[in-house]
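Visitor: Take this structure first; my questions come after.
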Amino acid sequence: MDRYENLANAIIVQACKDYQEPRYRKEVENFLKSDWFKALTDMDGDRLLKELKKKVEEKKQSKGV
């Protein structure tokens, strides 16, 4: 893996972490649907977003919120 691929992966990982914070969710959603995200990876942004939403919901359920 080259440095640019490592950087792209780190950006995506950070976006996933940021999504756990409600104040960043809209920004992360926009990023996952952006051309920039598509330029960084071959991943499906909509699918990733669906998984992130699922994890947030599971976390809420486990806390009883």
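Visitor: Explain nothing, just the number: dipole magnitude of the chain about its Cα centre with +1 on each Lys and Arg Cβ and -1 on each Asp and Glu Cβ, in debye rounded to the nearest 20. Provide the component values of the computation, followed by the final result.
Guide: Details: 15 positive and 13 negative charges, 91 e Å.
Value, rounded to 20: 440 debye.
Visitor: Now for a different question. Rule-of-thumb check for the chain: C-alpha Rg over 2.2 N^0.38 Å? If you can, show how the numbers build up before the last one.
Guide: Working: Rg = 12.8 Å, N = 65, 2.2 N^0.38 = 10.7 Å.
Compactness ratio reported: 1.19.
Visitor: Given contacts defined as C-alpha pairs under 8 Å and at least six residues apart, what's the relative contact order of the chain, whole-number percent? Working shown, then result.
Guide: Values: 24 pairs, mean separation 17.7, N = 65.
Taking the mean separation of contacting Cα pairs over the length of the chain, I get 27 percent.
Visitor: Among LEU40, ASN6, VAL28, flag the residue with its Cα farthest along the positive direction of the charge dipole of the stretch 3-63, charges on Cβ as +1 for Lys/Arg and -1 for Asp/Glu.
Guide: My answer, from the dipole projection, is VAL28.
Visitor: Next question. Multiplying the sequence separation of ASP44 and GLU27 by 0.36 nm and subtracting their Cα-Cα distance, what value in nm do you get? Don't skip to the answer; put the middle values down first.
Guide: Values: separation 17, 0.36 × 17 = 6.12 nm, distance 1.70 nm.
Full extension of this stretch gives 4.4 nm more.
Visitor: Under 19 Å between C-alpha atoms is the cut-off here; go through the chain and count lysine pairs that meet it, provided they're at least eight residues apart or on different chains.
Guide: Counting lysine pairs in the chain gives 27.
A short reminder: the numbers here are calculations on the coordinates, not readings from a lab. Because the structure is predicted, anything quoted here is derived from the model rather than measured. As a convention, Cβ positions derive from the backbone with ideal geometry for all residues, glycine included, and neighbour counts pool all protein chains shown.
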